[in-house]
1. Considering every residue within region 60-78, establish whether at least one is of a type in the set (Val, Ile, Thr) and either on the phi > 0 side of the Ramachandran plot or away from the ligand (no atom under 16 Å from the Cβ) (or both).
2. Under 9 Å by Cβ, and 6 or more places apart or on different chains, what pairs join a residue from region 314-329 that is touching a residue at least 60 places away in the same chain (Cβ under 8 Å) with one that is in a loop (DSSP other than H, G, I, E, B) and of a type in the set (S, T, N, Q)?
3. Please determine whether any residue of region 320-330 is closer than 22 Å to Glu264 by Cα, of a type in the set (S, T, N, Q) and touching a Pro at 6+ places or on another chain (Cβ under 9 Å).
4. Could you run through region 304-325 and say how many residues are in a strand (DSSP E or B) and at pLDDT below 90?
5. Checking Gln75 against (1) under 30 Å from Glu352 (Cβ atoms); (2) modelled with pLDDT of 95 or more; (3) buried (at least 24 other Cβ atoms within 10 Å of the Cβ), which test does it fail?
6. Please indicate, with yes or no, whether at least one residue in region 355-369 is assigned to a helix (DSSP H, G or I), at pLDDT below 80, hydrophobic (A, V, I, L, M, F, W, C) and surrounded by fewer than 17 Cβ atoms within 10 Å (Cβ to Cβ).
7. Give me the residue from region 90-116 that is charged (D, E, K, R) and at pLDDT 95 or above and, out of that set, surrounded by the fewest Cβ atoms within 10 Å (Cβ to Cβ).
8. Based on this model, can you work out whether Pro107 counts as in the same structural domain as Gln124 (by TED's automatic domain parsing), more than 9 Å from the ligand (Cβ to nearest atom) and within 13 Å of the chain's Cα centre (by Cα)?
Amino acid sequence: MDTLTLTPESDFPTPPETTTATTTAAPPAERPRFSDFPLREELLRAIEAAGYTHPTPIQAAVLPPLLDGRDIFGQAQTGSGKTAAFGIPTINRLRPTGVVGAIVLVPTRELCRQVTDELEKLAQGSGLHILSVYGGTRMRGQFTALERGVDIVVGTPGRVIDHLGRGTLQIDRVKIVILDEADEMLDIGFAEDIERILRRTPRERQTMLFSATMPGWVQRLVRRYQRSPVHIAIESEHATVATVAQRYYEVAERDKLEGFLSFEEEFGRDARLLIFRRMQVGVDRLAQQLTREGWLAQALHGGMAQADRTRTIDAYRNGDLRVLIATNVAARGLDIPDITHVINYDIPQNPEEYIHRIGRTARAGKTGVAMTFVGEWDYPYLEAIKAQVGDVLQPATLPIYQR
Ligand code: AMP
């Protein structure tokens, strides 16, 4: 059964005046190369230095309309190469003037750093200055950079509004506005801030909007703030999710820890685990319990200081830390390669969240395992998830319940 794909055309109505181009990966022989696109020399060199030879499906789909100056509305996930998909045309179009020419809005600080890193890589040799502005850090460094001149700003909406209010950031001459993970920004409560920011930008702008799903507000953004955008839906989760072995385990709440520990052997020494819990306090508690059991595990949630979050993510990314326990929000948009197991210690509360979570594993053609604990009260959630993902989600029995 092929129900794993979040096929946007059937699940979400396409807004009017939108051209839809659903693209799936072409076989290798037909794949275009970056050098087939009219990109500037130094940008092609930076792309090559980054080690990219072929555009990913989303990149191949959005490059032509974006290089033509069109607006696009893209449905693609983190991990699809979407940052470079909007970054390459942006960098190709801007010249280093020190006047903000593009602004990228992202939901979280982590994504802000990740997007900035990727853009910096691609902007090598272009002379463009990129600045990330997000909350939880001091503003002084950002003031200094803004005074010196910045070409591309990557920011969370709240902090961007702060800067606009203080007059330290001008966006009245931007040529390009990018909204990354618009649905996530809506969930976090940034809808109003985003519209305020959009209204401060020139009408003559190119607007790129990315969102995995299309709630009403996102559809309204498309209608209000975009000009006949090209709609591109990439079924990237399909490829990812299809290679994830998905199992669920019925477990009494009080047995969850023991149930989890009983998988130690199955996980093996090289496993890299991402464990989701619903509440910050649950994340902290499990981190303590696992540490007590001798695991190298750390917590990641929005209640932690930014410096601690950054340190934890870096340790997890470079392999020093094998087990990360996180809330949904903290893990949003994280691009960490080589996660072998995603464990829903607390079940996700809707199918979209489930797909987002398990899409963290099995990146880049690797296989992964997603395990979901189903507690006494979780059956309605399980049913909703099963209805969306189908038979690939299989029941299994915890080793502690096998006799
Ligand atoms: P993103 O979806 O933007 O978070 O990107 C996911 C990962 O894919 C990042 O680590 C990128 O550096 C990498 N990436 C982006 N474009 C390409 C490409 N054309 N070829 C290989 N890797 C890429």
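1. So the first thing to find is which residues in region 60-78 are of a type in the set (Val, Ile, Thr), and the list is 62, 72, 78.
Now drop any that are not either on the phi > 0 side of the Ramachandran plot or away from the ligand (no atom under 16 Å from the Cβ) (or both), which leaves none.
Scanning region 60-78, I find no residue that is of a type in the set (Val, Ile, Thr) and either on the phi > 0 side of the Ramachandran plot or away from the ligand (no atom under 16 Å from the Cβ) (or both), so the answer is no.
2. These pairs meet every condition: Val329/Thr108.
3. no
4. Restricting attention to region 304-325, the residues satisfying the condition of being in a strand (DSSP E or B) are 323-325.
Okay, now just the ones that are also at pLDDT below 90, so none.
Number satisfying all stated conditions: 0.
5. Condition not satisfied by Gln75: (2).
6. The first filter runs over region 355-369 and keeps only residues assigned to a helix (DSSP H, G or I), leaving 355-358, 363-365.
Restricting the remaining residues to those that are at pLDDT below 80 gives 363-365.
Next cut, hydrophobic (A, V, I, L, M, F, W, C) only: 364.
Filter once more, so that each one left must be surrounded by fewer than 17 Cβ atoms within 10 Å (Cβ to Cβ): 364.
The answer is yes, given that some residue of region 355-369 is assigned to a helix (DSSP H, G or I), at pLDDT below 80, hydrophobic (A, V, I, L, M, F, W, C) and surrounded by fewer than 17 Cβ atoms within 10 Å (Cβ to Cβ).
7. Taking region 90-116 and keeping what is charged (D, E, K, R), we get 93, 95, 109-110, 113.
Pick out the ones that are also at pLDDT 95 or above and you get 93, 95.
Working: Arg93: 16, Arg95: 10.
That would be Arg95.
8. Working: in the same structural domain as Gln124 (by TED's automatic domain parsing): yes; more than 9 Å from the ligand (Cβ to nearest atom): yes; within 13 Å of the chain's Cα centre (by Cα): yes.
The answer is yes for Pro107.
The values are calculated or read from the model by the stated rules, or taken from the named source; none is laboratory data. Everything numeric here is computed off the predicted structure, so don't read it as measured data. Positions of Cβ are generated from backbone atoms using ideal geometry, with glycine treated the same way; all protein chains shown enter the neighbour counts.
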